[in-house]
Amino acid sequence: MIVSMWMTRQLVTIGPKLSIGEAAAIMARKRIRRLLIVDVEHDPQRLIRIVSSTDVLHSAPPEINPFAALLAPNARSHDPIADIMKRDPLCVNPEMPIEAAASLMSERKIGALPVVREGRLVGLITESDIFRAFVNILSSPASAVRITFAVNAKEDAFKWLADCAQRYAFRVVSLLNSDQGDSHVCVARVTGAGVEQLLEQLWKSGHRVLNVLRPS
């Protein structure tokens, strides 16, 4: 899966001359945490900067909530949003794998990445989008059995399961590999008449079965 499959396309953009107070009002009204700053006068698809709710919050005096519905102007509420927007925002392209975007967010400790193709803003990928993507990846049909088992580092778990599937008449819905410290773990979702035979074969072959989750 790639970023373009999960990114938000309905973007809320503003120009750099908009005031901090007006930007705060837009965030509060639309219940969003980020605004994309674009060149509204010359090219509305050219990303200039990005501003977060945290940036807006830090611009106000400690005792003032800039997102309050009835807020008297403070010392900075009329300043342009350009004064507090993030410089040189980190961007990704639409073809980036979703897991690469997730890793980038985790490493940089950021909650969203603008998506740009050839210098043109096309979307925004957020933590919520990443979460939706991984829920989709990890979900399985109601009839599938979820089996977590350990493999050795050099073993081809896919080939082993494919061989078993041919012998025991079950279908592999999905297969994920994960390194847990020194352990190598596979999570397989399988369905069909031969699932019990697969489990028996896993034990017989010396694989350590860590968890079996059956349909409720």
Self-check item: Amide H partners (placed H, <5 Å) of Gly194, local residues excluded
Solution: Phe170
Exercise. Mind listing the long-range amide H neighbours of Val122? Cut-off is under 5 Å, sequence gap 5 or more, other chains count too, H placed in the peptide plane at 1.01 Å from N.
Key: Val115, Val116, Arg117
Quiz item: Residue by residue, what Karplus-based ³J(HN,Hα) values in Hz, rounded to whole numbers, does region 78-86 have, using 6.51, -1.76 and 1.60 with θ = phi - 60° and x for Gly and Pro?
Solution: 9, 5, x, 4, 4, 5, 10, 6, 5
Quiz item: If you put +1 on each Lys and Arg Cβ and -1 on each Asp and Glu Cβ, how big is the dipole of region 150-212 around its Cα centre, in Debye rounded to 20?
Solution: 160
Quiz prompt | Burial ordering of Thr148, Thr54, fewest other beta-carbon atoms within 10 Å first | solution = Thr54, Thr148
Quiz prompt | Tail weight of P(r) past 25 Å, computed on alpha-carbon pairs of region 74-180, percent | solution = 49
Exercise. Putting +1 on Lys and Arg Cβ atoms and -1 on Asp and Glu Cβ atoms, find which of Ile26, Thr191, Val38 reaches farthest to the positive end of the dipole of the chain.
Key: Thr191
Exercise. Treating only the Cβ atoms of Lys and Arg (+1) and Asp and Glu (-1) as charged, compute the dipole magnitude of region 2-158 about its Cα centre; round to the nearest 20 debye.
Key: 300
Exercise. Would you mind calculating the gained length between Gln10 and Trp160 on full extension (0.36 nm times residue separation, minus the Cα-Cα distance), in nm to one decimal?
Key: 49.6 nm
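Just so you know, all these numbers are worked out from the coordinates, no wet-lab data involved. Just so you know, these numbers come straight off a predicted model, no measurement behind them. With ideal geometry, Cβ positions are generated from the backbone for all residues, glycine too; neighbour counts draw on all protein chains shown.
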